Amino acid sequence: MADQPKTAEPGRARLSPRKKQQVSRTIQYVVLIAALVAVVLYADWASLAQNFAKPDVARQALPDLFTIALRNTIIYTVGGFVFSFVLGLLLALMRLSQVRPYRWIAVVYIEIFRGLPALLIFLMITFLPLALPGFAVPFGTYGQGILGLGLVGAAYQAEVFRAGLQAVPKGQTEAARSLGMSATRAQVTVVIPQAIRMVIPPTTNQFVALLKDSSLVLFLGVSGEYVELAKFGNDLASQYANATPIMVAGVTYLIVTIPLGYLASRLEGRKGRNR
Amino acid sequence: MTVHAIELRDLHKYFGKNEVLKGIDMTVEQGQVVCVIGPSGSGKSTLLRCVNLLEAPTRGKVFVEGVEVTDPDVDIDAVRRRIGMVFQQFNLFPHMTALQNVMIAQQRVLKRSKREAEVVARDNLDKVGVGAKCDSLPGQLSGGQQQRVAIARALAMNPSLMLFDEPTSALDPELVGDVLTVMRKLAEEGMTMLVVTHEMGFARQVADRVVFMDGGVIVEDGAPAQVIGDPRHERTRAFLHRVLHPEE
C-alpha cells in the first residue's frame with residue numbers, strides 16, 4: 001500500500017495523457033516534413049525521371065505490352081488458377097478424408113509446396129526434361145508456367161478450401177444423409193457448393209497472388225511470343241538501358257491487381273451482411 | 001402379426017466414456033405418434049438419431065419396419081429414404097430456394113424427373129402452408145416457415161415414418177403454433193411419428209404414447225393422460241413440475 005505510482009496523482013506537473021498524445025503527434029509531423037524536405041532536396045529528380053519515366057521509351061512498350069505481355073500474364077495466371085482450383089479442392093477433400101493415407105499425402109504436399117519458395121519450383125521445372133528423358137510438359141512454355149503456378153497455388157488453395165469445407169455446419173450433411181443421399185452425393189450436392197461460395201473472397205486474393213507469381217515465368221527462360229509482363233519489361237529495359245519499361249509493367253500489374261483486391265474485400269463485406 | 005414401425009432392443013450409446021443411452025427397449029407401432037420428453041441431456045435426441053443411424057449405436061439393435069438397420073450389410077441410404085427427419089435447426093440448404101430444397105433429394109435420390117419433383121414439391125409446400133414462398137431462399141424466411149419447408153422436404157420423399165428432433169425449440173414463441181398445426185395434421189393423416197419435444201400441450205393432445213426419459217433410461221412409457229396427467233415416478237413428477245411451473 002505504501003508507494004502509490006506517481007501517475008496515480010492527477011493534476012500534477014506531469015503531462016496529462018491527452019497532452020502527451022498532442023506532443024507525440026506534433027513530433028510525428030515534424031519528422032515527416034523533415035523527411036520529405038530531405039527527399040526533395042537531395043534526390044536527383046531529372047535523373048530519376050530519365051531512368052524510370054522516360055516517355056519515348058514507354059512508348060516503345062506499346063502495343064506489345066498489352067497484346068503480348070499482359071495477354072500472356074493472363075494466360076499463365078488463369079491457367080495456373082484453374083489448375084490450382086481443381087488440385088486444391090482434391091487436396092482439401094483428401095486432407096479431410098476418413099482414409100488416413102490420403103490425409104498424409106495431402107498434408108505432405110501442402111507443407112512442401114507452401115514451405116518452398118515458388119521460384120525454386122520454377123527452377124526445378126526447367127530441369128524436368130533432364131530428369132525424365134523424353135518427357136515434355138504439354139503446351140510448351142505455357143504448360144510449364146501453368147504447371148509451376150498450379151502446383152504452388154494448389155497448396156494454398158487447398159487450405160482455403162479446407163477452411164470452407166469445415167465451415168459448412170455438420171447439420172447440412174446430416175440433413176442430406178437423412179434424405180437418403182450417399183456420403184459422396186451429400187458432399188457434391190450440399191457441402192461443396194456452400195464451401196465454394198464461402199471461399200470466393202480468399203480465392204480472389206489467391207488469384208491476385210498467382211498473378212504476381214506469374215512473373216516467375218521469367219526464370220523458365222521464355223522468349224518471343226511467350227513473354228509475360230515482368231520478362232517483357234525486363235527485356236525492354238535491358239535493350240534501352242532504362243528502367244522505364246519495368247515501371248510500365250508495374251503499373252500494368254496494378255491496373256489488374258488493385259481492382260481485384262477491392263472486389264475481394266467487397267465480396268467479403270457482402271458475405272458478412274448475409275450471415 | 002404386423003411389424004413394428006420402430007423397434008429398439010437393448011440400445012446403448014457411449015460418447016467416449018460417457019454412457020448416454022443405457023439400454024433402451026422400445027417399440028413404435030405403425031400409425032402411432034410417440035412423444036419423447038425429458039430433461040436436457042437425458043439422451044432423447046440421441047435415441048432419435050440412432051433410429052436412422054445419424055448416431056451409430058454402441059451396442060444393441062434398431063429395427064425399422066422389420067429391417068435391422070444396425071446390420072452392417074443393410075443399405076442405410078435406402079432405409080433413410082423411408083424415414084423423414086426434421087431437425088431443431090431446420091438444416092435447410094441455404095444455397096437453394098425453398099422449392100429446390102424440396103426437389104433436390106427427389107431428383108438425386110429417387111431419380112424423379114424435374115417436372116415430377118416440382119409437382120410433388122409444390123404440393124407439399126402448399127400442404128404445410130408455405131406454397132407462396134417457393135422461390136425464397138431459406139435466409140429470407142422466418143424460422144416457422146423454414147421449419148415447415150423442412151417438413152415438406154421430408155414429406156416429398158414419401159416416408160413411412162417421421163422423426164422430429166425438438167422441431168419447435170429454435171422458434172420464436174409466436175411461430176411455434178404454425179409448425180405444431182402441420183404436425184397435428186400429419187398425425188391425423190396416420191403418419192407414424194417419433195417426436196422429441198418440450199411441448200407438453202402437443203404431447204398430451206396428439207400423442208398416442210408419451211415416453212419420459214432421464215439419465216439415459218426410459219423411466220415411464222404410457223398414455224399421455226397417464227404419463228403427463230398422473231405420473232407414477234417421482235422423477236417424472238419433478239420434471240413435469242419444473243416444465244409446467246418454471247417460476248416456482
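The values are calculated or read from the model by the stated rules, or taken from the named source; none is laboratory data. Everything numeric here is computed off the predicted structure, so don't read it as measured data. Every residue, glycine among them, receives a Cβ derived from its backbone with ideal geometry; neighbour counts consider all protein chains shown. All accessible areas refer to the heavy atoms of the entire protein, side chains included, with ligands and DNA or RNA removed. Shrake-Rupley method; radii C 1.70, N 1.55, O 1.52, S 1.80 Å.
Given a 1.4 angstrom probe, I'd like the percentage of the accessible area of the protein assembly as shown that is carbon and sulfur, rounded to a whole number. Carbon plus sulfur share of accessible area: 58 percent.
For the protein assembly as shown, what is the charge dipole size about the Cα centre, in debye to the nearest 20, if Lys and Arg each add +1 at the Cβ and Asp and Glu each add -1 at the Cβ?
So the magnitude is around 1380 debye.
Give, rounded to the nearest 20 debye, the magnitude of the charge dipole that chain B has about its Cα centre when Lys and Arg contribute +1 at Cβ and Asp and Glu contribute -1 at Cβ.
Roughly 560 debye, rounded to the nearest 20.
Please report the antiparallel percentage of the DSSP beta bridges confined to the protein assembly as shown, to the nearest 5. Can you show the working numbers first?
Working: 20 of 37 bridges.
Among the beta bridges of the protein assembly as shown, antiparallel pairing accounts for roughly 55 percent.
Averaged over its residues, how many other protein chain Cβ atoms are within 10 Å of peptide B:69-80's Cβ atoms? It would help to have the intermediate numbers written out before the result.
Values: counts 0, 0, 0, 0, 0, 0, 2, 3, 8, 1, 1, 5.
Mean inter-chain Cβ contacts per residue within 10 Å come to 2.
Enumerate the amide H contacts of B:VAL20 below 5 Å, restricted to partners 5 or more residues apart or on another chain; note that Pro and chain-start residues carry no placed amide H. Amide H neighbours of B:VAL20, under 5 Å, 5+ apart: B:LYS13, B:TYR14, B:PHE15.
Hydropathy first: keep DSSP H helices in chain B averaging at least 0.0 on Kyte-Doolittle, then drop any whose Cα extent along the axis falls short of 24 Å, and list what survives.
Values: long enough: none.
What comes out of the filter, once short or polar helices are dropped, is none.
Our summary gives segment A:63-267 a relative contact order of 30 percent, counting only alpha carbon pairs under 8 angstrom and 6 or more residues apart.
Evaluate the Kirkwood expression for the hydrodynamic radius of the protein assembly as shown, namely the inverse of the mean inverse distance over all pairs of different C-alpha atoms, and round to one decimal in Å. Show your work: numbers first, answer last.
Numbers: mean 1/r = 0.0348 Å⁻¹.
Answer for the protein assembly as shown: a Kirkwood hydrodynamic radius of 28.7 Å.
Out of the DSSP beta bridges found with both residues in chain B, what percent are antiparallel (nearest 5)? Counting DSSP beta bridges with both partners in chain B, the antiparallel share is about 55 percent.
Beyond a 31 Å Cα-Cα separation, which of these cross-linked pairs lie in this structure: B:LYS133/B:LYS185; B:LYS17/B:LYS185; B:LYS13/B:LYS127; B:LYS13/B:LYS185? Write down the numbers at each step before the final one.
Working: B:LYS133/B:LYS185 20 Å; B:LYS17/B:LYS185 41 Å; B:LYS13/B:LYS127 37 Å; B:LYS13/B:LYS185 33 Å.
Where the Cα-Cα span goes over 31 Å, the pairs concerned are B:LYS17/B:LYS185; B:LYS13/B:LYS127; B:LYS13/B:LYS185.
Give, rounded to the nearest 20 debye, the magnitude of the charge dipole that segment A:63-267 has about its Cα centre when Lys and Arg contribute +1 at Cβ and Asp and Glu contribute -1 at Cβ.
Working: 13 positive and 8 negative charges, 180 e Å.
Computed about the Cα centre, the dipole is about 860 debye.
In summary, the helical segments of chain A meeting the span-like criteria, namely a full DSSP H run, a Cα extent along the axis of 15 angstrom or more and a mean Kyte-Doolittle hydropathy of at least 0.0, are A:17-42, A:71-95, A:100-115, A:118-131, A:140-167, A:200-213, A:244-274.
When chains A and B come together, the accessible area they lose, probed at 1.4 Å and totalled over both chains, is close to 1600 Å². In this label model, A:ALA46 and B:HIS233 are separated by 10.0 nm, measuring between points 7 Å along each Cα→Cβ vector. Using R₀ = 56 Å, calculate the FRET efficiency as 1/(1 + (r/R₀)^6) where r is the Cβ-Cβ separation of A:GLU225 and B:ASP73; round to 0.05. Using R0 = 56 Å, I get an efficiency of 0.35.
If you take each beta carbon of peptide B:222-234 and count the beta carbons of other chains within 10 angstrom, what is the mean?
Values: counts 0, 0, 0, 0, 0, 0, 0, 0, 0, 0, 0, 0, 0.
So the per-residue partner count for this stretch is 0.
Positive-end ranking of B:PRO224, B:SER40, A:ALA237 along the dipole of the protein assembly as shown, with charges on Cβ about the Cα centre, is headed by A:ALA237. Residues considered: A:LEU179, A:LEU218, A:LEU96. Largest GNM mean-square fluctuation over chain A, using C-alpha springs under 10 Å, is found at A:LEU179. For segment A:249-268 versus segment A:146-164, the inter-centroid distance based on Cα atoms is 20 Å.
What's the ranking of A:40-47, B:96-103, B:119-126, B:237-244 by average number of surrounding C-beta atoms within 10 Å, highest first?
On the way: A:40-47: 8.5, B:96-103: 23.1, B:119-126: 19.1, B:237-244: 14.1.
Listed from highest to lowest mean packing, they are B:96-103, B:119-126, B:237-244, A:40-47.
The alpha carbon centroids of segment B:85-99 and segment A:167-190 are separated by 11 Å. Rolling a 1.4 Å probe across the protein heavy atoms gives chain A an accessible surface of 60 Å² per residue.
In segment A:182-226, what residues drop by 30 Å² or more of accessible area when the other protein chains are put back, versus the chain on its own? Use 1.4 Å, and skip ligands and nucleic acids. Hits at the 30 Å² cut-off: A:ARG185, A:THR189, A:GLN194, A:ARG197. Please report how far the C-alpha centroid of segment B:113-172 lies from that of segment A:50-99, rounded to the nearest whole angstrom. Answer, in whole Å: 46. Each helix, a run of at least 4 DSSP H residues, gives -39500 (n - 2.57); summed and divided by the residues of the protein assembly as shown, these come to -17500 deg cm²/dmol at 222 nm. Taking only the alpha carbons of segment A:63-267, we obtain Rg and Dmax values of 19.6, 69 Å in that order.
Find the percent of Cα-Cα distances in chain B that exceed 34 Å, and round it to a whole number.
Details: 4837 of 30628 pairs.
The calculated P(r) of chain B puts 16 percent of pairs beyond 34 Å.
Considering only B:MET162, B:GLN147, B:GLY201, and ranking their Cα positions along the charge dipole of the protein assembly as shown that arises from unit charges at the beta-carbon of Lys, Arg, Asp and Glu, the one farthest toward the positive end is B:GLN147.
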